[in-house]
Amino acid sequence: MPAHDFHIASDSASETRPIYASPVRVWTLLLLVFFAVHFIALFSPALLDDADSTHANAAQHIVTSGNWVTLYVDGIRYLEKPPLPYWLAAIDYRIFGYNVFATHLPMTLGVLACAVLAWFWTRHAYGDRAGFYAALAILTSLGVFLFTRFFIPESLLTFFLALSLYGFLTGLEDHKSARFYIAYASLAIAVLAKGLIAPVFFVAAVVPYLLITGEWRRWRQMRLITGLLLFLAIAAPWHILCALQNPDHGNPHGNIPSPGHVHGFLYFYFINEHVLRFLGLRYPHDYNKQPWFAYWFGLLVWLFPWSLFLPAAIVRVWRNRQIFISDLRYNSTNTIEFLDPRQTAQAASSLAARLRFRARTGLLLGLFAAFILIFFAISTNQEYYTWPAWFAILILISGSLGMIEEAPEGDPRWINASSRWLTSMHAAFAVIGVAAALALTWGLWASRHLPFVPDIGTLLAHRAVGGYSLATSHFFDLTGPSFAALRLPAAIAAVTLLLGPLTAWVLRRRGHGLEATTSVAFTAAVFLIAAHIAFERFQPMLSSEAMANTINAIASTSGNRHYQLIIYGDQSDGSSVIFYTHHQALLAHGSKNYFEPRPASPGHSAEQTFGSSMIWGSDYPDAPHIFLADPQLLAMWGQGSRIFLFVPGEFHDHVEQIMAANGKKLYKLQELSDKTLYTDHPL
């Protein structure tokens, strides 16, 4: 008889839950990890320029204007995003004030919600140990941590989309209509979090699942009509109101807006932001697609360290493929054949239901993850777009890992093969950890005489790997001198990577599976704490809060309360200045005109063009005139009230040249990394 998933301790007739699986003890430990890794990281660094503060500005406008329908950034309509994340941040601002904690709290709570759901789902399907691993994996995966450092809705999307799948699956299993309504409501909320990809991903997983299992015959029990009405009742009102507030003014020039003639919300949001984005035809073309290797290899990085266990999970699934397929049948008879004959009929029935739910969980989540990965391999993408697939993959890895560790009997070929993979991956992790620890130790030794420089941005190489289009591009800018600013996190990481993986490998070799896996998770947790400390050191480079504080301090004095803020470039270049000053900015040098050339600068030719999230909203007839050309900036400079000019590094030389050529005086107030703050009047 081939080995299969029935040979596990948690499925035996004399099933007992081990002490470690007590929900109170489990969640005491998990909440400690959550607070140490995620919650503490809510307070620093300050909001980052670009998407982080741009989205925060949209939420801030909700509070100051009272308009909860149309998002605005710097006075311009911001139509490309659904509203849920901004609503939540706006509520936080009412409670906690305008700060980074309030901004990122919804996303961090989304991570905790994903961990809770992963625990419930995996525990139901695979048992207590696997449920513990699944929640721990959500809290300690590299990608989950990294992509909650700025304001993006992926954690919220993942939770509500996963909850809709769980409601659907448990509704089929338990024959309860309420579960289906939870699925429809959650799916509608997911639409408000991220857009139409939510129902696309849901349908792409559910329809093949129903066809494979034959459950499509039960379509009447799925409450399709009333469920669709519930879905529309939640998801449709905002879309309708936003379409009414942002009508179509017509556009005779196709996709390219012209003053007073612009497509409205319906075209821009549904066609431009969904269909054309997928096809690579979105206007403006301000997005990219990762290289094939980076996309697929990145998946292993974002799931690290839990991707270490992926080979063992694949081996287990392959060895059990025939049993897995048989368990997908609605009326499985094979299940009863392998049960302990000493079990009561009730216990046998309960076990059969669990085994079928396990197999169906594997199928549904496998289809879900596969479609998302293929979808974004074809479409334009960023590293974090595949976040919902991470949830599914981590559950499948945790389920397989828990069952491998708990299997007390069965075909030795299966158990030994899976165990060998686990031990091998632990050995590889130990080698990687020791190598990384030695590299960090060498860096610490080499930089021991270098002074600590608070502004790490002045020490980076600015290699522009990937044109800074990837969220992790600045990692490649590190230099030897910049390492001196990272001594503390480097030391913590070195000790952690030296001891943690080696400890886990020794425990695995001695047969202590739970302790070995937990050691890997705790290694990752401490490493992420060190990573957050390192991330804080990049604040002067990634955020302009310090410059906003300078402006606020000067503006608080008499005679400077009425000032003009100007950002030379796109609003995203200095979006944190707008947020922390609560002041609308004028944008110099054509953020509005997509086809206006940039001035020549290191890494950019004079012929390059650039896009902006401001283009569409700026062409509405009632849009404020916040865009300046160089002659307009020169005409304003030194006239009237004080001007604060924020200049990113790439425009620094150009601004100084045009000012000098026209006899205009620049007074430098502050320099931060490659950014400079000027004013037109001496203090």
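Among the residues of the range 123-141, are any without any contact (Cβ under 8 Å) to a residue 60 or more places away in the chain and farther than 23 Å from Ile578 by Cα? Yes, the range 123-141 has at least one match. Does the range 35-84 hold any residues that are among the acidic types (Asp, Glu), outside any helix (DSSP H, G or I) and farther than 23 Å from Pro621 by Cα, and which are they? Selection gives Asp49, Asp50. Within the range 105-128, which residues are of a type outside the set (D, E, K, R), more than 17 Å from Ala190 (Cα to Cα) and either at pLDDT below 95 or surrounded by fewer than 24 Cβ atoms within 10 Å (Cβ to Cβ) (or both)? Leu105, Val116, Phe120, His124, Ala125, Tyr126, Gly127 - these are the residues of the range 105-128 that are of a type outside the set (D, E, K, R), more than 17 Å from Ala190 (Cα to Cα) and either at pLDDT below 95 or surrounded by fewer than 24 Cβ atoms within 10 Å (Cβ to Cβ) (or both).
Screening Leu507, Leu486 for residues that are part of a helix (DSSP H, G or I) and surrounded by fewer than 21 Cβ atoms within 10 Å (Cβ to Cβ) leaves exactly one candidate, Leu507. Exactly one residue out of His625, His604, His652, His583 is modelled with pLDDT of 80 or more and over 27 Å from Arg77 (Cα atoms): that is His652.
Residues in the range 76-104 that are at pLDDT below 95 and among the β-branched types (Val, Ile, Thr): Ile76 only.
Of the residues making up the range 552-581, those that are over 24 Å from the mean Cα position of the chain (by Cα) and in a helix (DSSP H, G or I) number 5.
Go through Gly131, Gly75, Gly97, Gly66 for me and flag whichever is surrounded by fewer than 24 Cβ atoms within 10 Å (Cβ to Cβ) and over 30 Å from Leu266 (Cα atoms).
Details: Gly131 fails: surrounded by fewer than 24 Cβ atoms within 10 Å (Cβ to Cβ); Gly75 fails: over 30 Å from Leu266 (Cα atoms); Gly66 fails: over 30 Å from Leu266 (Cα atoms).
Testing whether each residue is surrounded by fewer than 24 Cβ atoms within 10 Å (Cβ to Cβ) and over 30 Å from Leu266 (Cα atoms) leaves just Gly97.
Among the residues here, Ala464 does not qualify as modelled with pLDDT of 85 or more and either buried (at least 21 other Cβ atoms within 10 Å of the Cβ) or farther than 30 Å from Gly399 by Cβ (or both). Return yes when Ile615 is crowded, with 21+ Cβ neighbours inside 10 Å and either at pLDDT below 85 or within 19 Å of Gln670 (Cβ to Cβ) (or both) and no when it is not. Criteria not met by Ile615.
The lone criterion from (1) at pLDDT 85 or above; (2) more than 19 Å from Arg77 (Cβ to Cβ); (3) surrounded by 13 or more Cβ atoms within 10 Å (Cβ to Cβ) left unmet by Gln657 is number (3).
The values are calculated or read from the model by the stated rules, or taken from the named source; none is laboratory data. Everything numeric in this text was worked out from a predicted model, so none of it was measured. A quick note on method: Cβ atoms are made from the backbone with ideal geometry, for glycine too, and the neighbour counts reach across all protein chains shown.
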